[in-house]
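No value in this document is a laboratory result; all are computed from the given coordinates. No experiment lies behind these values; they were computed from the predicted model shown. Don't worry about glycine lacking a Cβ; one is built from the backbone with ideal geometry, like all the others, and counts go over all protein chains shown.
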Amino acid sequence: MTILGLESSCDETSVSILQDGKILSNLISSQHFHVKYGGVVPELSSRANLQMIAPLFKQALAEAQINKEDIDVIAATAGPGLIGALLVGLNFGKALAYSLNKPFVPVNHIEGHIYSGFLMDEKPEYPFLALAVSGGHTLLLLVEDEMNITKLGSTIDDAAGEAFDKVAKMIGLGYPGGPKVEEYSERGNPNAVKFPVAKLKTEYDFSFSGLKTSVLRYIQKEYQNTENIPDVNKTDIAASFQDAVVRALGKNVEKAIQNYEVKSLSLVGGVAANKAIRRKFSELAKKYDKKLVIPDIEFCGDNAAMIAYRGSKLFENNKVSDLAANAFAALPKDVFKVL
Ligand code: KG4
Ligand code: ZN
């Protein structure tokens, strides 16, 4: 089976072709121009997706050495994400499905991330725990099988990636902040400042807004403003903040490992690129004797290969759309609904 994946939920346009689980092409165009605005500008993101999607599709076909008629199924991200941006990939996919008379499968972006581990040679084994950490989401999920995904916890305020981006801004590292905070952390002392981990009543939820405020208060107290922070102290703040995030994520994941009988652990999403968080997962997997699957960096950030893979599984479960599929901005609050 040859499946086309389309991803345009935010600031990446991506087109991928998968054949029987093998990646024939996975092209990603990242919109670096948002840097000068300090964050993603939705309108510009939609326009850039619109400019890129057709050329990327042509290039993906050429790389995969197939014709568009060889595609069996078309899958596109339907949400969550920026509506204008999502509509680009969704509509492109629907139009293609209509013209080629092929089935169309809308895909939940988070399900795409959860299944990014399956693009690796060593795949997660069911049931598994997945921590999906990105710029918009922090979700701890129990994945029992392809169609049974239960949300154990999520962030009650900022997403982990969002906290990285905001703290990066506070210490003057620019956008996107995650990779920059990580780079600074590697040169800093994680024990320099003891930033707190939120204590919540619910067992598996996360909160990063208090941590973000602690970092801000610390900067205001010690340096008054960003310009006064010497570079060497920026590395300590970055390392101490990152350490608090690692502790916060690790704490809930460890509780879930103790309370649920799972075979594997999987860490996915843009923030899964972070080496300190990857190390924490390795430690937990070793301690509790679980199989660990973390996708290669190229599949941690937004990519269409994960959408194509998840699309193929949804197709096998008859989740084909009648072309009326709409885009959605957010996930339902309390449940994780498989599309
Ligand atoms: O999954 P993703 O590419 O897009 C969303 O769906 O949000 O995640 C992007 C997020 C950003 O907040 C970015 O700062 C963060 O992932 N990120 C990182 C790292 N690389 C990307 N956070 C921490 N450490 C990293 N190395
Ligand atoms: Zn994402």
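Numbers for the structure displayed
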| item | result |
| --- | --- |
| Likely footprinting exposure, D322, D11, D70, fewest C-beta neighbours within 10 Å first | D322, D70, D11 |
| Ranked list, fewest to most other Cβ atoms within 10 Å of each Cβ, for S185, S264, S14, S209 | S209, S264, S185, S14 |
| Extension gain (nm, one decimal) between K169 and M1, 0.36 nm per residue minus Cα-Cα | 56.0 nm |
| The chain: angle of helix 42-64 to the longest principal axis, Cα-based, in degrees nearest 10 | 50 |
| Whole-Å distance, taken between Cα centres, linking the range 182-233 and the range 71-120 | 37 |
| Spatially close lysines, pair count over the range 122-228: Cα under 23 Å, gap of eight or more or interchain | 19 |
| The chain, helix-only ellipticity at 222 nm - DSSP H runs n ≥ 4, -39,500 (n - 2.57), divided by all residues, nearest 500 | -13500 deg cm²/dmol |
| Sorted by Cβ neighbour density within 10 Å, fewest at the top, the residues M306, M1 | M1, M306 |
| Sites A276 and N67, calculated FRET efficiency, Cβ-Cβ separation with R0 35 Å, nearest 0.05 | 0.20 |
| Model label zone, R187; criterion: amide N under 15 Å from point 7 Å along Cα-to-beta-carbon; scope the range 145-173 | 171-173 |
| Hull shadow area, averaged, the chain [alpha-carbon convex hull, nm²] | 16.4 |
| Counted charge near G21, where neighbours are those whose Cβ lies closer than 15 Å (Asp, Glu -1; Lys, Arg +1) | -2 |
